[in-house]
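Visitor: Okay, handing you the structure first.
The values are calculated or read from the model by the stated rules, or taken from the named source; none is laboratory data. As the structure is a computational prediction, the values presented were derived from the model and not from experiment. Cβ placement follows ideal geometry from the backbone for every residue including glycine, while neighbour counts extend to all protein chains displayed. Quick note on the areas: whole protein, heavy atoms, side chains included, nothing else; ligands and nucleic acids left out. Shrake-Rupley method; radii C 1.70, N 1.55, O 1.52, S 1.80 Å.
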Amino acid sequence: MEKIIIVGAGPAGISAAIYAARGNMDPLVLNNGIGALEKAEKIENYYGLDRPLSGRELYERGLAQARALGVRILDAQVLGVGGFDTFEVRTTEGTLEAESVILATGGKRSTPPIPGVKEFEGRGVSYCAVCDAFFYRGKEVAVLGNSDFALHEAEELVNLASGVTIYTDGLEPHFSREHPIAVNTMKIQAIEGDSRVSGIRLQSDVTALEDGTPQESVMPADGVFVAVGVAGSSEIARQMGAELTEKGHIKVDEKMATTIPGLFAAGDCTGGLLQVSKAVYEGSQAGISASQYVRRRGNA
Amino acid sequence: MELVLTAENFEKEVLQSEKPVLVDFWATWCGPCMRQGPIVEELAKEGYAVGKVNVDEQMALAQKYQVMNIPTLLVFKDGKEAQRLVGLSSKDTLKKAMDL
């Protein structure tokens, strides 16, 4: 079992790793790529930079710095986190166990701007397959997404639902392995229903009617599970049952502790200033707090 | 103490209650529900009327109230659903919903 698993390898995750490593906790960092820093062409406002640095360069320096301290970095995408006393981190590279987890995957993604998603929340739209699969026994369900995260959610549903289809909403599917689940890549126009979800209205861009309007079709679905992109910190926290703020960020205290013992969060996923400096501070604090938590647990 | 609600006592304990009643739809296998449990327990200790529906045992109640996600928390006032909160809700949010 790992002592501390850090999800994310940006400024928050790597800062957490540095402090945890110096606290002798031998942390494991799960790295799923660069994140928001990719978009930062030049960073000029961070302490000590006498010349601007690109976001990518900063990210790579961070990885190199952590490696130089002996931190282990695993390239993997997190699909979900479960467990009660200890944590079970499900990743594309297998399931890992840890005493403490720090979420530092960067900012939350907004709900997909598909009409009906927000409106039907709680009436057929769900964000947690493991929680809600039960209600769709023998029913037809849709999973929105195009990556392993969506595949993982679909697989939670497949044994209960009568049919599961992954809808990529016009995006290319990116699954890291073969699977038997149906995939529909057409663009989605809306989630439809009356008092609850009844189907997905698709817009086919290949077949247009004679007057030029794109042809539409409605696929029946009793439930729609949202798993767009990769599982971000907020999605993971929500599925675990950590409290979120009204804006959908992870709620943390001054120690970067979430409302779940042993689970910490740092960086953009906690909201506030979306700056490297803030991520570094929070990551450092989370690294220290998680180390203290693991030490206390060992003594208990 | 929170009441254990069933198809048999729901009418009397919730729909005919003079006080607003918070109803927590939950299951043992749902992580967020297990975090929600202690929060509604605190509300019950503070004197709010709180009931819990285990959806595994009371599927018919879940269906009747169109509960399709758990945790779902419903506030009943005068025999009617007055508020619906889906997903883990904080104590403050629940108190506000009850006090409305």
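Visitor: With +1 assigned to the C-beta of every Lys and Arg and -1 to the C-beta of every Asp and Glu, and no other charges, what is the dipole magnitude of chain A about the Cα centre in debye, to the nearest 20?
Guide: So the dipole magnitude of chain A works out to roughly 1100 debye.
Visitor: Straight distance only, please: which lysines reach the Cα of B:Lys80 with their own Cα at less than 19 Å, same-chain residues fewer than 8 apart left out?
Guide: Those lysines meeting the cut-off are B:Lys12, B:Lys19, B:Lys52, B:Lys64, B:Lys95, B:Lys96.
Visitor: Right, next: Give the accessible surface of segment A:125-226 per residue, rounded to a whole number of Å², with probe radius 1.4 Å and ligands, DNA and RNA excluded.
Guide: 46 Å²
Visitor: How far is the Cα center of segment B:1-79 from the Cα center of segment A:67-121, in Å?
Guide: Between the Cα centre of segment B:1-79 and that of segment A:67-121, the gap is 30 Å.
Visitor: Of A:Tyr127, A:Ile200, A:Gln189, which is farthest along the charge dipole of segment A:125-226 in the positive direction, counting Lys and Arg as +1 and Asp and Glu as -1 at C-beta?
Guide: Ranked along the dipole, the leading option is A:Tyr127.
Visitor: Let me ask something additional. Excluding same-chain residues fewer than 8 positions from A:Lys187, which lysines have a Cα within less than 22 Å of its Cα?
Guide: By straight Cα distance, A:Lys187 reaches A:Lys118.
Visitor: Let me ask something additional. What Cys residues in the protein assembly as shown have no fellow cysteine's beta-carbon under 4.7 angstrom?
Guide: A:Cys269, each lacking another Cys Cβ under 4.7 Å.
Visitor: Amide H to amide H under 5 Å from A:Lys139: which residues, 5+ apart in sequence or cross-chain, H placed 1.01 Å off N in plane?
Guide: Close amide H contacts, sequence-distant or interchain: A:Ser162, A:Gly163.
Visitor: Separate question: State log₁₀ I(q)/I(0) for the protein assembly as shown at q = 0.13, 0.15 Å⁻¹ as given by the Debye formula over alpha-carbon point scatterers of equal weight, solvent excluded.
Guide: Per q value, in the given order, log10 I(q)/I(0) is -1.12, -1.33.
Visitor: Still on this structure: Quick one: compute the contact order of chain A, relative version, from alpha carbon pairs under 8 angstrom and 6+ residues apart, as a percent.
Guide: Relative contact order comes out at 22 percent.
Visitor: If you count, for each residue, the other Cβ atoms within 10 Å and average over each peptide, how do B:64-75, A:163-174, A:233-244 line up from highest to lowest?
Guide: A:233-244, B:64-75, A:163-174
Visitor: Apply the a/c threshold of 1.5 to the C-alpha gyration tensor of chain B and tell me whether it is rounded, prolate or oblate.
Guide: Rounded shape, in that the Cα axes give a/c under 1.5.
Visitor: Give the percent of DSSP beta bridges with both residues in chain A that are antiparallel, rounded to the nearest 5. Can you show the working numbers first?
Guide: Working: 25 of 55 bridges.
Rounded to the nearest five, the antiparallel share is 45 percent.
Visitor: Over all residues in A:238-247, what is the mean tally of Cβ atoms on other chains that come within 10 Å of each residue's Cβ?
Guide: Mean inter-chain Cβ contacts per residue within 10 Å come to 4.
Visitor: Express in nm, to one decimal, how much length is gained between A:Arg196 and A:His179 on full extension, taking 0.36 nm for each residue of separation and deducting their alpha carbon distance.
Guide: That works out to 3.2 nm of additional length.
Visitor: Once you keep just the Cα pairs under 8 angstrom separated by 6 or more residues, what percentage relative contact order results for chain B?
Guide: Values: 167 pairs, mean separation 36.5, N = 100.
Over chain B, the number comes to 36 percent.
Visitor: Working from Cα positions, state the angle (0 to 90°, nearest 10) between the long axis of helix A:55-68 and the longest principal axis of chain A.
Guide: Value to nearest ten degrees: 50.
Visitor: A:Lys278: which aspartates and glutamates have alpha carbons under 14 Å from its alpha carbon, excluding same-chain residues fewer than 8 sequence positions away?
Guide: Partners within reach: A:Glu254, A:Asp268.
Visitor: Compute the acute angle (0 to 90°) between the alpha-carbon long axis of helix A:276-299 and the principal axis of greatest extent of the alpha-carbon atoms of chain A; round to the nearest 10°.
Guide: The answer is roughly 80 degrees.
Visitor: What total accessible surface area, summed over both chains, is buried at the interface between chains A and B, computed with a 1.4 Å probe and given in Å² to the nearest 100?
Guide: The summed interface area works out to 1900 Å².
Visitor: From the phi angles alone, apply the Karplus equation (6.51, -1.76, 1.60; θ = phi - 60°) to segment B:39-50 and give each ³J(HN,Hα) in whole Hz, x where the residue is Gly or Pro.
Guide: 5, 5, 4, 4, 4, 4, 5, 7, x, 6, 7, 10
Visitor: Considering every residue in B:86-96, what mean count of other chain Cβ atoms within 10 Å of its Cβ is obtained?
Guide: Per-residue shielding by partner chains comes out at 3.
Visitor: By how many degrees, between 0 and 90 and to the nearest 10, does the Cα long axis of helix A:11-22 differ from the longest principal axis of chain A?
Guide: With rounding to tens, the tilt is 40 degrees.
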